[in-house]
Amino acid sequence: MPFLVILALAIALLAVLFALQNTAPVAISFFTWSAQEPLALVLLITLAAGVIAGLLISVPSLIKRNIKLSHRRRELEEMGWKFQEKDQEIESVQRKHRELLAALAVTEPRTGLLKEEFALNGIRHLLQRTANATTPKPDRLVSVLLIDTHPGDLLNSNAAREEDVLRAIARQLHRTSPSDSWLYHNGYGHFVLTAAGLPSKALSELGEAIRRTLADHPVELDNGATVPIVVNIGGAIAQASTVEGRILLQQAEAALEESKRRGQNRFHLSDMRL
């Protein structure tokens, strides 16, 4: 854009210089009309007529493009409203779902996640469902991540309570975890994540993403305070048709112990297919 402005100014300057240097009159005729006018004026009028003609030719296309843009803008606004309505519907369904789970006493009150005692049944159901799926056999994978967390510093009771920290960790896990995964909690900082269909590389990336999210950045509480978190993660992955739920969970527990043996803020994955 600045280049075009400079070019236009240069052309205007050259036109002025041309007009100053060519003041001799010339005879012009147009049908029955004739006149004596300076050469420069005639050329400038001709140039202006050409510019006006070009603008008139481009006006319909500009109007058409503006109409299309206006139509697209209205469509985008309507889609935005529809997305907001869908988000509200999804939020309403999720709220009713949480209320139903709470009424059935299967959720842990501090975080609202499923109680850890139901994790084994959830893993068994996931194994059975995945084993009977129509997906190719190599993709029938079930994985478990055990996430052990605790505050990196002693909590100041005036700034943070344990339940506030646990809720903040649960929010972070929700943001990082796949939408079709399940989260469980024992009420004291030990979380279980189960998922199906994740290959070993994707599960490793998920485990590392959770580790970085919790270990590298303090979690933010509802009151704006921040608390550093120490996290260790152990994971296990297996073919759905070749393992029992308790064995898969025990393998994830062994991987968690191995990550703790290596130090704080570590992640270790056990691939039971190897």
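The values are calculated or read from the model by the stated rules, or taken from the named source; none is laboratory data. Computed from a predicted model, the values in this text were never measured in an experiment. Reconstructed Cβ throughout: ideal geometry from the backbone, glycine too, with neighbour counts over all protein chains shown. Note: accessible area is taken over every heavy atom of the protein model, side chains too, but ligands, DNA and RNA are not part of it. Shrake-Rupley method; radii C 1.70, N 1.55, O 1.52, S 1.80 Å.
Kindly indicate which of Leu269, Leu203, Leu249 is under 14 Å from Leu145 (Cβ atoms) and not in a helix (DSSP H, G or I).
Leu269
Kindly provide the set of residues from the stretch 161-178 that are over 25 Å from Ser241 (Cβ atoms) and assigned to a loop (DSSP other than H, G, I, E, B), ordered by number.
Answer for the stretch 161-178, where residues must be over 25 Å from Ser241 (Cβ atoms) and assigned to a loop (DSSP other than H, G, I, E, B): just Arg161.
Check off (1) in a helix (DSSP H, G or I); (2) farther than 18 Å from Leu183 by Cβ for Ala209 and give me the number that stays unchecked.
(2)
In this structure, does Val51 turn out to be free of Cβ contacts under 8 Å to residues at least 40 places away in the same chain and β-branched (Val, Ile, Thr)?
Taking the combined requirement at face value, the residue satisfies it.
Can Ala40 be described as open to solvent by less than 60 Å² (accessible area, probe 1.4 Å) and at pLDDT 70 or above?
Judged against the criteria, Ala40 is not a match.
If His97 satisfies every condition in (1) of a type outside the set (A, V, I, L, M, F, W, C); (2) more than 30 Å from Glu258 (Cβ to Cβ); (3) open to solvent by 70 Å² or more (accessible area, probe 1.4 Å); (4) touching a residue at least 12 places away in the same chain (Cβ under 8 Å) but one, which is the exception?
Every condition holds for His97 apart from (4).
Given Gly245, Gly234, Gly187, which one is on the phi > 0 side of the Ramachandran plot, open to solvent by less than 80 Å² (accessible area, probe 1.4 Å) and not hydrophobic (A, V, I, L, M, F, W, C)?
Details: Gly245 fails: on the phi > 0 side of the Ramachandran plot; Gly234 fails: on the phi > 0 side of the Ramachandran plot.
Just one listed residue meets the conditions, Gly187.
Can you name every residue in the stretch 190-200 that is surrounded by fewer than 20 Cβ atoms within 10 Å (Cβ to Cβ) and either closer than 17 Å to Val231 by Cβ or basic (Lys, Arg) (or both)?
Across the stretch 190-200, the qualifying residue is only His190.
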